[in-house]
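What follows is a set of notes on a single structure, which appears directly below.
The values are calculated or read from the model by the stated rules, or taken from the named source; none is laboratory data. Nothing here was measured: the structure is a model prediction, and the numbers come from that model. Reconstructed Cβ throughout: ideal geometry from the backbone, glycine too, with neighbour counts over all protein chains shown. In case anyone asks, the SASA skips ligands and DNA or RNA and just uses the protein heavy atoms, side chains included. Shrake-Rupley method; radii C 1.70, N 1.55, O 1.52, S 1.80 Å.
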Amino acid sequence: KQTLQKTNQEAREKLELTLPKERGFLGPALFFYQGFWCPSRILHNVVTFQQHFEGRDTDVILATKPKSGTTWLKSLVYSILNRTRFTEMDHPLLTKNPHELAPFLEFNVYSEKNEGLPDLSNISPPRLFSTHLPYGPLPESIQGSKCRIVYMGRNPYDTFVSAWKFVTGHNPELHLEVTIEDFLGHFLRGAEAFGPHWEHVLGYWKESLGRPNKVLFIKYEDMKENGTREMKRLAEFVGCGFSQEEDRDGVIDRILKLCSLSNLKELEVNKTGKYMPSVKNKLFFRKGEVGDWVNHLNPSMVERIDQMMKEKFEGSGLEF
Ligand code: A3P
């Protein structure tokens, strides 16, 4: 066992030495691995996930760039899939943070802190997992199987501001070391967790156009503006569309209400709980508005994001 650990350790060190490195904000460093900036503390989880995950046709994978509405998407899809199992009195969302109900493959399921590899074979279908990885590095058993991927994208202005608030909220001292201008520089260069932002979003966007039964692309803003329509798209896509009776009985509205920011934010678990040892649940629930960026970005910052967005998204058909 010791020899094996030593070999693993050597292989890791060797891999890390070959990868470009950047400063991290919520962890010690970022490594540029397979086209994205991977937080150093999960690099080896990612490798294990890539090597060992066996996707099934019935799996549902929720994919997002951080701060694009991951927590919301998890609560919505979990509630859609399990809508006949629970009532409003015993719903798991009342006592668990949404991240616990659709665990991250690279943070939780394949965490180095777990003993050995996880046994995922007994989870009844559809298994619900999540990831912040871009499309390209996803294991072949996800890309090649019929499992479905739901991606939530959000406009880059709000995503950037949300990330800034998350990072500085985590560590109130941080604003002493990095200004929002510096942070924007990192965002635009792509040197941030799971960045570059543009490639992340475009990767899933293109896949959703080419394989619409494989990847569903949902926008945070559309979910805000027309929740009922987007909920129907989501439910259809994951294979359990709402019946006419459910529609008539207000099932969609009830799920939207249960998963609303105002409801989740006020639950004890999300006010005082922690989801990982260093992550307070309350950090995932802030304003949840479209356009809050106007309160944080000056015209030159907006201009820089505009330019980059134009350059990267032009001709893709993707608009925010
Ligand atoms: P803001 O910082 O703009 O408020 P993620 O879940 O990917 O970390 O994204 C967090 C963002 O989603 C935060 O945005 C947060 O407030 C918002 N959010 C969290 N839960 C939400 C919900 N139930 N409905 C709408 N937005 C939500």
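If you average 1/r over every pair of different alpha-carbon atoms in segment 1-112 and take one over that average, what Kirkwood value in Å do you get?
So the Kirkwood estimate lands at 16.5 Å.
Reachable aspartates and glutamates from residue 310, Cα under 14 Å, same-chain residues fewer than 8 places away excluded?
Within the straight-line cut-off, residue 310 pairs with 199, 319.
How many percent of the alpha carbon pairs in segment 55-135 exceed a separation of 19 Å? Kindly include the intermediate steps, with their values, before the conclusion.
Numbers: 1284 of 3240 pairs.
Everything past 19 Å amounts to 40 percent.
Please calculate the 1.4 Å probe accessible area of residue 78, with all protein chains present, and give it to the nearest 10 Å².
Rounded to the nearest 10, that gives 30 Å².
Please build a GNM for the chain, connecting alpha carbons under 10 Å apart, and tell me which residue among 88, 230, 199 fluctuates the most.
Comparing 88, 230, 199 in a Gaussian network model of the chain, the most mobile one is 88.
Do you know the relative contact order of the chain, to the nearest whole percent, from alpha carbon pairs under 8 angstrom that are 6+ apart? Intermediate values should be presented prior to the final figure.
Values: 399 pairs, mean separation 71.6, N = 320.
Rounded, it is 22 percent for the chain.
Any chance you could tell me what percent of the C-alpha pair distances in segment 174-252 go past 20 Å?
Numbers: 1697 of 3081 pairs.
When every Cα pair of segment 174-252 is considered, 55 percent fall beyond 20 Å.
Hey, what's the per residue convex hull volume over the C-alpha atoms of segment 19-85, in cubic angstrom? Let's see the in-between values first.
On the way: hull volume 8.5 nm³, N = 67.
Output value, Cα hull per residue: 127 Å³.
In nanometres, what is the gap between the two model label sites at residue 177 and residue 314, each 7 Å from Cα along Cα-to-Cβ?
Rounded to a tenth, the inter-label distance reads 3.7 nm.
Take the Cα radius of gyration of segment 98-201 and divide it by 2.2 N^0.38 Å, with N its residue count; two decimals is plenty. Before the final figure, lay out the partial values.
Details: Rg = 16.6 Å, N = 104, 2.2 N^0.38 = 12.8 Å.
My calculation over the Cα atoms of segment 98-201 gives 1.29.
Regarding segment 6-56, what whole-number volume in Å³ per residue does the convex hull of its Cα atoms give?
On the way: hull volume 4.7 nm³, N = 51.
Residue-normalised Cα hull volume stands at 92 Å³.
Exceeding 25 Å between C-alpha atoms, which entries from my cross-link table qualify? They are 214/287; 113/287; 14/146; 219/312; 74/165. Let's see the in-between values first.
Working: 214/287 31 Å; 113/287 32 Å; 14/146 35 Å; 219/312 18 Å; 74/165 21 Å.
The answer is 214/287; 113/287; 14/146.
Which semi-axes, in whole Å and largest first, does the equivalent ellipsoid of segment 137-184 have when worked out from the alpha carbon gyration tensor as the square roots of 5 times its eigenvalues?
Working: eigenvalues 226, 32, 17 Å².
In descending order the semi-axes read 34, 13, 9 Å.
Can you pull the Kirkwood radius for segment 153-290, inverse mean 1/r over Cα pairs, to one decimal in Å?
On the way: mean 1/r = 0.0571 Å⁻¹.
Kirkwood radius, segment 153-290: 17.5 Å.
Please list 200-207, 19-26 highest first by mean number of surrounding beta-carbon atoms within 10 Å per residue.
Values: 200-207: 21.4, 19-26: 16.0.
Descending mean neighbour count gives 200-207, 19-26.
For the residue pair residue 303 and residue 82, what label-to-label distance in nm results when each label sits 7 Å from Cα along the Cα-to-beta-carbon direction?
With each label point 7 Å from Cα toward Cβ, the separation is 5.0 nm.
Beyond 13 Å, what share of the Cα-Cα pairs of segment 217-267 remains, rounded to the nearest whole percent?
On the way: 781 of 1275 pairs.
Taking all Cα-Cα pairs of segment 217-267, the fraction more than 13 Å apart is 61 percent.
Give me the extension gain from residue 23 to residue 113: residue separation times 0.36 nm, minus the current Cα-Cα distance, reported in nm with one decimal. Working shown, then result.
Details: separation 90, 0.36 × 90 = 32.40 nm, distance 2.32 nm.
Between residue 23 and residue 113, full extension yields an extra 30.1 nm.
Determine the equivalent ellipsoid of the chain by diagonalising the alpha-carbon gyration tensor, then write out the semi-axes as square roots of 5 times the eigenvalues, largest first, rounded to whole Å. Don't skip to the end; give the middle numbers.
Numbers: eigenvalues 167, 132, 83 Å².
The answer is 29, 26, 20 Å, longest axis first.
With viscosity set to 1.567 mPa s and temperature to 4 °C, compute the Stokes-Einstein D of segment 259-308, Rh being the Kirkwood radius across alpha carbon pairs; µm²/s, no decimals.
Working: Rh = 13.1 Å.
Estimated via Stokes-Einstein, D reaches 99 µm²/s.
Please get the size of the charge dipole for segment 119-274, origin at its Cα centre, with Cβ charges of +1 on Lys and Arg and -1 on Asp and Glu, quoted in debye to the nearest 20.
Details: 20 positive and 22 negative charges, 85 e Å.
With Lys and Arg at +1 and Asp and Glu at -1, about 400 debye.
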